[in-house]
Amino acid sequence: MWLAVKLFSFLLLLQPGIADTNDQTSATVNRGSFQNPSARLRPRFRYWLPDSGVDAEIVQQNIKAAGSLGAGGVEFLPFYNYGGQLGPAPAGSNWSRDGFGTEAFHSMFLAALHAHKEAGLVMDFPLGPNQGQGVPADPSNEGLQWDLEPFSVSIPGDGHFDGEIPGWGAGELVALVSAEVLRSTNSSHLQLTLKNGTLTDWASKVSSTGSVSLDLPTSQNTYRLFAFYQFLSHNKNLQYSSTPAKTIFDNGSYVVDHFTARGAKVTTKFWEEYILPGGVKELLMEVGNYGWEDSIEILSNISWTPSLPSTFQSKYGYDLKSVLPIIMFSNNNINTQSTQPGAIECLLNTPDHGLGYINDFRGVLVDGYRSYLEELTRWVNSELNLQMSAQVSYNLPMDMESNIPFVNAPECESLQFKDSIDGYRQFTGSAHLAGKRVISNEMGAVMMKVYQLTHSELLYSINRAIVGGVNQMVFHGQSYTGEYYGTTWPGYTAFLYLFSEMYSDKQPSWDHGFGDLLNYTARVQYLQQSGVPRTDVAIYNKVSGTDPNFPTLYTANDLIDAGYTYSYLSPDNFALPEANVHDGTLAPNGPAYKVLVITSNSNLTLSGVHYIQKYAHAGLPVILSGGDPGVYASNDDRDKTSIRKAIQALKKSANVYSVSAGQVSAKLHALSLRPQVATQTNGTWYTTWREDSQTGIDHAFVFCDVNASTGTLDISTHKTPFLFDPWTGSKEPLLGYTQSKSRVTIPLSLAGNQTIIIGFSEDEDISTKHATNTPSSVIGYDTQGNAAVSASKSQQSLVLSNGKKVMLPSSKVASSIVLSNWTLTAEHWEAPSNISDASTIATKHNTTHQLVSLVSWRQIEGLTNSSGLGYYTTHITWPPVKGSADGAYLFLPPITHTARLYVNGHQLPPLDLTAPQADLSTYLKKGSNALTVIVPTTMWNYIRSIADEIETVNVSIDSLMAAAGYGLPQATDNGLIGDVKLVPYITVKL
C-alpha cells in the first residue's frame with residue numbers, strides 16, 4: 001500500500017498542473033524541454049483584476065491569451081484599485097458586493113482557475129486583496145495588526161510628576177518610562193540624549209484612572225516621561241467602509257499581525273471559510289502554483305505585537321519595556337515611512353548610543369515575522385499541497401537575509417532593487433544556501449513608464465536579475481481588457497499610469513514579437529532552475545535592518561573584473577543545516593563557496609565569529625578585506641570585548657588571511673582558487689554557473705553589461721562545450737575554443753546587454769573539428785561545422801583543433817552593403833471614435849513613407865505622435881553582381897522594442913534583440929527578394945497626444961500627473977533605427 005501511494009504521488013507530480021511542496025533544487029518537477037519549457041517554468045504575468053464585478057469571460061480570455069503568447073499563467077491579483085492611496089472607489093463599484101471573498105469573487109476565482117486548467121497553465125494567488133497583507137475580518141480580532149504609540153512629556157529637574165500620564169486612553173498601557181535628558185536638539189525631529197542607567201519603567205504604579213505620582217532624584221538636567229500604548233491599529237490593505245457594517249465584507253480588508261503565527265491564522269481561516277469551499281480547493285490543488293504575499297507596505301508607529309516583551313525577555317534575558325524610548329524611532333516601515341520615522345529620537349550616552357537595544361529589538365521582530373511566514377507556508381503546503389512565495393520582510397526593520405530561507409520561493413522586485421546586481425546578490429545568497437529551487441522577481445515595474453517601457457529595457461532588467469541569482473520572472477503586469485467604471489480607452493490601467501507596464505493585445509507588440517521575449521525568458525528560466533547554482537565567494541553581511549535601497553556593499557571591482565561570482569550571507573544563515581564545510585568548501589551540496597570574505601565595513605556577531613572560527617578550522621579560507629571588521633552591537637554592547645578578542649584570535653588562525661581593500665581577487669589567485677568562469681574582457685561581463693547531476697549538463701550564462709566588448713572565458717571543466725540559443729530554442733555546436741584536460745577557453749565578442757549560454761557535457765559529439773582561433777572574416781558556423789566566411793581585405797587563416805591550418809578565400813567574397821530605399825507602411829493604432837469604448841483594441845489606418853535611411857518615427861512627417869506597427873520593406877537582388885556568395889547574413893541595428901523578419905513572405909526565427917542577425921541563405925531566390933521587417937512601437941506617443949481625454953476610474957492622466965507633481969513624460973523614439981547590412985559569405989568546410 002505504501003509503495004502504491006508513493007507511485008501514485010510520483011505519477012501525479014509528472015502531470016503539468018500538479019505541484020509539490022518540495023522547494024529544493026533536488027525536487028522532481030515536470031520541466032518540459034529547453035525548446036518548450038513547461039508552464040511551471042515559464043514566466044507569468046501579474047494580472048490586475050479590477051474587481052469581481054467585471055466580465056469573467058474576458059478574464060478567462062486574457063488568461064488564455066497570456067498562455068498562447070508564451071506565459072505559464074498569471075499571478076491572479078484582486079487589485080481593487082479603489083480603496084487605497086490612489087483614490088476613492090469609482091461610481092458603480094461595490095466592495096461589499098464584489099470584494100475579496102464575496103460570492104462574486106468566489107465565482108471569479110473559479111473562472112480563473114478553470115481558464116488555467118483548460119489552457120494547461122498554472123496560477124499564483126495572493127492570500128489577500130491588493131498587496132495581500134490582510135483579509136476582511138471582524139475588527140475586534142486580535143490577530144489583526146497591532147501598533148505601539150509613544151507619548152511624551154518633559155519633567156523639571158526636581159524630578160516631580162503628579163497627574164495623568166501622557167496619552168492616557170490611547171490604548172493598553174505597555175510601559176511608562178522615565179529618563180534623565182542630557183542633551184536636546186531639534187531640527188527635523190526632536191533628538192534627546194538620555195543618561196544610561198536612568199531609564200525606569202513605572203507602569204505598575206499607574207492608577208486605573210491613568211494617574212501616577214513620581215519623585216525622581218533631583219538633577220541639574222530635565223527628565224522625560226514616555227508612555228507607550230498598544231492597540232489594534234485597524235489599518236487596512238484595502239480601504240472601504242459601509243455604515244452600518246452588516247458583515248465583515250462591509251469594512252474593506254484589515255492588515256493582519258505580521259509578527260505572530262496568530263496573524264497568519266486569521267488569513268488561513270478566512271480562506272477555509274470563504275474561498276476554498278465549492279470546488280475552489282480541488283481546482284487550486286490541481287492548477288495552483290504559489291500562494292503569495294507582496295512587499296509589506298503596512299504602516300505603524302512602531303512595529304509591534306503584544307507578545308514581543310515576553311519573547312524578547314526569553315531571547316535576550318532582559319526587559320524590553322524599559323528601553324522602549326531607544327527603539328521608538330525608525331522602527332516602523334523604513335521604506336514607505338522613510339520620511340516619518342517618528343517625532344522623537346532617543347540616544348544613550350554610551351559608545352554605541354543604544355544601538356545594541358535597537359539591534360536586539362529588530363532581532364526579535366525577525367523571530368516573530370518568521371513564525372508568521374512559517375505558519376502561512378505550513379498551511380499552503382499542508383492544506384493545498386502547494387508552495388508559498390513572499391517578498392520577505394520587505395520594507396520592515398529586519399535583516400532580510402535572516403528569513404529568506406523560510407518560504408518556498410522568496411521573491412524580490414526590479415523596482416526597489418533598481419536592477420542592481422549587487423543588490424540581488426544580497427537577496428539570493430541565503431536562498432541559494434538554503435537550496436531553494438526558485439527565487440522569484442516581480443519584474444518590470446518602472447516609475448512613469450506606462451505604455452512606453454521597451455522590451456530592450458525589460459530585457460536589460462531580466463538579464464541583470466538573472467546574473468544576480470534570480471531565476472523566475474513575474475511580469476508587472478497584464479491588464480484586464482474589458483470595460484470598467486469611469487475608464488476610457490485604452491482600458492483599465494492599474495496604478496493610474498504611475499508604474500509600467502500594461503501588457504495586453506492593446507500593445508502593438510503583443511502579437512508581433514513580445515512572445516519571442518517570453519520564450520527567451522522561459523528558456524533561460526528552464527536552465528536557471530536546473531541543477532544547483534555554484535558561487536565562488538560568500539561575503540559576510542550582517543545588518544539589523546536591510547537598506548530598502550540596496551546600495552552596493554562590495555564596492556571594489558576586483559572580483560567582477562576577474563570573473564568571480566559572489567553573494568552575501570548573514571551570520572543568521574550559518575545556523576542552516578546546509579551551512580557546513582567539507583573539503584574546505586562551504587555548502588558543498590549547494591553554492592560550494594570557495595572562500596568567505598569579511599569586509600572592514602561589516603559587523604561581526606558573537607555567534608557569527610564562532611561559526612567563522614569553526615569554518616576556518618575545517619579548512620575554509622577566510623579573507624579579511626580592508627582591515628578588521630566592526631562589532632555588531634547587542635544589549636549594552638557587553639559582547640564587544642569578546643568579539644574583538646575573537647577577531648584577533650581569528651586573524652592568527654590557519655586559513656585566515658588579511659588583505660587590503662580590492663585585493664581579494666589577487667589573494668584568491670595566490671591561493672590557486674580560480675573562478676569557475678574566469679573572464680578577461682575590455683568591458684564588464686557577469687556570469688552564473690550551474691551543475692546538473694541528473695542530466696550531466698553544466699552551463700554558464702554570460703551577460704555583457706551596457707557596452708559591447710570582446711574577451712575570453714576561461715572555464716574550469718573537462719566537458720565539451722556547446723551553445724544553447726534561448727531565442728530560438730536550438731542547441732548548437734560551439735566551434736571556436738581551446739581545451740585542455742581541466743579548462744576550456746572561449747573567445748567572445750558581445751553586444752551591450754547580450755547574453756550567451758554555453759552548455760558543457762561529456763556526451764557531446766567531439767568528432768567535429770573546432771577552431772582554436774576565429775578570424776574576423778568568420779561570421780558564423782552551421783550545424784555541420786562549416787564556416788561562413790565574409791569578405792576581407794587581407795588573407796586570413798583558421799586553425800583547427802587537430803592542428804590543421806585552413807586558408808580562407810575571403811578576398812573572393814562579395815562585399816557587404818547597407819540596404820536603403822525602404823518603404824515604410826505605418827499602421828496607426830488610435831482611440832475609437834467613442835473614447836469611452838475601453839474594450840476596443842484600436843482603430844487602425846495606414847500611411848506610406850519612403851525612407852532613404854532608417855530614423856525614429858519622431859523624425860518622420862506624419863508619425864511624430866503616432867503609435868502602431870511599422871512594416872519596413874526593401875528588395876535584395878541575388879546573387880550579387882560582383883564576387884562570390886553561397887549565402888548572406890543580415891545584420892540589423894539593436895532593436896529598441898521588438899522585430900520580426902520576413903524574406904519573400906517567410907518568417908525567420910526570432911531575433912536576438914541585442915545583436916539581431918539572421919542567415920538568409922535558405923530563403924533567398926535568384927532575382928529580386930522582398931525583405932520585410934515588422935517593428936511594433938510602444939503606445940505612449942499616441943496616448944500622450946490625447947492624454948487630456950483619457951481616464952482610469954474617473955482620473956485623467958493630466959490631472960494625475962499634476963497631482964503627483966510630475967510632468968507628462970516626453971515622447972519616445974520608435975521604429976527601426978540605424979543601418980541594416982547584408983553580408984554575403986562563402987561556406988568553407990572545416
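Structural remarks
- Meets criteria (more than 20 Å from Ser866 (Cα to Cα), outside the structural domain of Tyr492 (by TED's automatic domain parsing), within 30 Å of the chain's Cα centre (by Cα) and buried (at least 17 other Cβ atoms within 10 Å of the Cβ)) for Thr932: no
- Single condition Pro150 does not satisfy, out of (1) surrounded by fewer than 23 Cβ atoms within 10 Å (Cβ to Cβ); (2) under 26 Å from Ser208 (Cα atoms); (3) out of contact with any Ser or Thr (no Cβ under 9 Å at 6 or more places or on another chain): (1)
- Across segment 380-396, a minimum of one residue is classified as in a loop (DSSP other than H, G, I, E, B), among the small types (Gly, Ala, Ser) and not assigned by TED's automatic domain parsing to the domain that holds Gly630.
- Considering only residues in segment 793-835 that are of a type in the set (D, E, K, R) and either surrounded by 12 or more Cβ atoms within 10 Å (Cβ to Cβ) or modelled with pLDDT of 95 or more (or both), the one that is farthest from the chain's Cα centre (by Cα) turns out to be Lys812.
Here is a yes/no grid of residues against (1) farther than 22 Å from Ser810 by Cα; (2) of a type in the set (Phe, Trp, Tyr):
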| residue | (1), (2) |
| --- | --- |
| Trp857 | yes, yes |
| Glu861 | yes, no |
| Asn865 | yes, no |
| Pro879 | no, no |
| Ala885 | no, no |
| Thr898 | yes, no |
| Tyr902 | yes, yes |
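- Applying the criterion of being basic (Lys, Arg) and not in a loop (DSSP other than H, G, I, E, B) to the residues of segment 17-63, the residue that is surrounded by the most Cβ atoms within 10 Å (Cβ to Cβ) is Arg44.
- Any hit, segment 250-271, residues being within 30 Å of Arg437 (Cβ to Cβ), at pLDDT below 95 and crowded, with 24+ Cβ neighbours inside 10 Å: no
- When segment 208-228 is filtered for residues that are part of a strand (DSSP E or B) and either buried (at least 16 other Cβ atoms within 10 Å of the Cβ) or on the phi > 0 side of the Ramachandran plot (or both), the ones remaining, listed by number, are Val212, Leu214, Thr222, Tyr223, Arg224, Leu225, Phe226, Ala227, Phe228.
- Inside segment 590-642, residues that are part of a loop (DSSP other than H, G, I, E, B), within 23 Å of Ala661 (Cβ to Cβ) and of a type outside the set (Ser, Thr, Tyr) make up a count of 8.
- Among the residues making up segment 266-275, a single one is more than 16 Å from Gly132 (Cβ to Cβ) and in contact (Cβ under 8 Å) with a residue 12 or more places away in the chain: Glu272.
- Qualifying positions in segment 943-968 - hydrophobic (A, V, I, L, M, F, W, C), outside any loop (DSSP other than H, G, I, E, B) and closer than 16 Å to Tyr492 by Cα: Ile943, Ala947, Val955, Ile957, Leu960
- None of Thr720, Thr712, Thr755, Thr728 is crowded, with 18+ Cβ neighbours inside 10 Å, among the hydroxyl-bearing types (Ser, Thr, Tyr) and over 28 Å from the mean Cα position of the chain (by Cα) except Thr720.
- Complete set of residues in segment 346-362 that are more than 35 Å from the chain's Cα centre (by Cα) and crowded, with 20+ Cβ neighbours inside 10 Å: Cys346, Leu348
- Residues in segment 409-422 that are of a type outside the set (A, V, I, L, M) and surrounded by fewer than 24 Cβ atoms within 10 Å (Cβ to Cβ): Glu413, Gln416, Lys418, Asp419, Ser420, Asp422.
- Cβ pairs under 6 Å, 6+ apart, first in segment 151-175 and farther than 29 Å from Ser310 by Cα and in the same structural domain as Ser211 (by TED's automatic domain parsing), second part of a loop (DSSP other than H, G, I, E, B) and among the hydrophobic types (A, V, I, L, M, F, W, C): Gly159/Leu216
- One residue from Ser322, Ser371, Ser314 being without any contact (Cβ under 8 Å) to a residue 12 or more places away in the chain and either part of a helix (DSSP H, G or I) or not small (Gly, Ala, Ser) (or both): Ser314
The values are calculated or read from the model by the stated rules, or taken from the named source; none is laboratory data. In this text the structure is predicted, and so the values were computed from the model without any measurement. Don't worry about glycine lacking a Cβ; one is built from the backbone with ideal geometry, like all the others, and counts go over all protein chains shown.
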